[in-house]
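The block underneath contains the structure these notes are about, expressed in structure tokens.
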Amino acid sequence: MNWSELQRVPHEYSDKLHQIDENLIRLLNERQSLAQGKRCMPEQDVVQAWAAQYGIDVPQINWLLSCLNHSLHPFMPSEPGELLQVLPIMKKTVLAGYEYAITHSMQHENGSMVHLEIKQLTTEEAVAHFRPQLQLDIISETPYAVFRHGASGGGGRSKLQFLVTPRLPEPLAHVHFALIPFAAPMELPPKEIILDQEVRFD
């Protein structure tokens, strides 16, 4: 086969799946009409009730609802653009042995890069590697779109960056921050290969 040939990707698609997909598209259209361009999110206790009722993790429900809201804000800059200045935020809270700190925002021409640091405080257990399934939520009269834009961590610490559009105002008097559970669903867990044999080099 050469580069000019196209081959159909094999997949299974049943009448039942077709019916479900058509209903999803119809409901999406209805939801967008009702939202009228506004950000619409239920309270987290409602999300938790849905999670218990349908057996879906809370972070995955929040991911879905966030995707529906992002469809109202299609602009996501590929790059934040030129750095204009650094805006201190320094919002800090402690929950269940972890310290969460929103330290600052790098104010760029196309948006704001908000930095979050998470630190494990408990010393009773060994320092653990943890994976934050969190999304930044911004409460304000201005609608904001938020996108994960990088993460790193290890040794009981984690750092996350979020690209926010439009750019955050200065000062931040009427802007409030929160973190909500957030994770894209995976139909199958990734295959894990463990390399644990002795290796010698001659």
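Odds and ends about this structure:
- Cβ-Cβ contacts under 8 Å between residues 6 or more apart (or on different chains), taken from a first residue in region 127-142 that is over 22 Å from Arg167 (Cβ atoms) and at pLDDT below 85 to a second residue that is loosely packed, with under 12 Cβ neighbours inside 10 Å and not β-branched (Val, Ile, Thr), are listed as Val127/Gly155; His129/Gly154; His129/Gly155.
For (1) in contact with a strand residue (DSSP E or B) (Cβ under 9 Å, 6 or more places away or on another chain); (2) open to solvent by less than 70 Å² (accessible area, probe 1.4 Å); (3) more than 21 Å from Gln133 (Cα to Cα); (4) touching a residue at least 60 places away in the same chain (Cβ under 8 Å), each residue gets a yes or a no:
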residue: Asn23; (1), (2), (3), (4): no, yes, yes, no
residue: Leu28; (1), (2), (3), (4): no, yes, yes, no
residue: Arg31; (1), (2), (3), (4): no, yes, yes, no
residue: Ala35; (1), (2), (3), (4): no, yes, yes, no
residue: Pro42; (1), (2), (3), (4): no, yes, no, no
residue: Ala49; (1), (2), (3), (4): no, yes, no, no
residue: Tyr54; (1), (2), (3), (4): no, no, no, no
residue: Val58; (1), (2), (3), (4): yes, yes, no, yes
residue: Ile61; (1), (2), (3), (4): yes, yes, no, no
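- Region 128-160, residues that are charged (D, E, K, R), part of a strand (DSSP E or B) and more than 24 Å from Glu79 (Cα to Cα): Arg157
- Scanning region 161-202 for residues that are open to solvent by less than 40 Å² (accessible area, probe 1.4 Å), modelled with pLDDT under 90 and assigned to a loop (DSSP other than H, G, I, E, B) yields Leu172, Phe182, Ala183.
- Residue count, region 133-160 (criterion: surrounded by fewer than 19 Cβ atoms within 10 Å (Cβ to Cβ) and of a type outside the set (D, E, K, R)): 14
The values are calculated or read from the model by the stated rules, or taken from the named source; none is laboratory data. All values reported here derive from a predicted model rather than from experimental measurement. Every residue, glycine as well, gets a Cβ built from its backbone with ideal geometry; the counts of neighbours run over all protein chains shown. Quick note on the areas: whole protein, heavy atoms, side chains included, nothing else; ligands and nucleic acids left out. Shrake-Rupley method; radii C 1.70, N 1.55, O 1.52, S 1.80 Å.
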